[in-house]
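Below is one structure, written out as structure tokens; comments come after it.
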Amino acid sequence: MSFLAGIFNGLGRGGGFLMIPVYKSLGCNAIQAAATSSFTIFSSSLLNVIQGVMLGIIGIEDFMVLFIASILGSYICTSFVPKYLQRINRVSLIEGVLLILITLALINLPISLFLKYQRSGYDSNLLFGFGKFC
């Protein structure tokens, strides 16, 4: 499962929806599974963004704005949401939200793949191609 999750995550699809159930089956609770999966996705995403900056695909100013916004969003979610859920004694809501997000990801995956295929003019070479390097 880890191998498949790495492949899908490298393609930008599904690292979280494959790894969270694996972590849950290994005995992790929902918070640990989501945090571990998020860290893995964050690491690979950060490397992709750094490559984008180095290749000139994204400007350093755009990178900094998005980076600061993501740090603030992560801080808010990790600081206030768990405390609120513990205060109302509903930590199980995290598992419900994870289930909803995984379901939405599973629905979105074939739809986005089909739309990409359609936008490419039904050209299978463009569907799985990575485009030009430079």
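Quick note: the coordinates plus some simple rules give every number you see, no bench work behind them. Computed from a prediction, not measured in an experiment: that's the story for all the values here. For neighbour counting, all protein chains shown are included, and Cβ atoms are generated from backbone atoms with ideal geometry for every residue, glycine included.
Exactly which trypsin sites (Lys or Arg not before Pro) in the range 27-134 are in a DSSP loop and have at most 12 other Cβ atoms within 10 Å?
Numbers: sites: Lys83, Arg87, Arg90, Lys116, Arg119, Lys132; in loops: Arg90, Lys132.
Those satisfying the criteria are Arg90, Lys132.
Between Gln32 and Arg119, the FRET efficiency estimated from the beta carbon spacing at R0 = 41 angstrom works out to 0.60.
Please report, to one decimal in angstroms, the Kirkwood hydrodynamic radius of the range 12-96 built from all distinct Cα-Cα pairs. Spell out each step's value before the answer.
On the way: mean 1/r = 0.0680 Å⁻¹.
Here the Kirkwood hydrodynamic radius works out to 14.7 Å.
With viscosity 1.002 mPa s and temperature 20 °C, the Kirkwood radius over alpha carbon pairs of the range 65-118 converts through Stokes-Einstein to a diffusion coefficient of 158 µm²/s.
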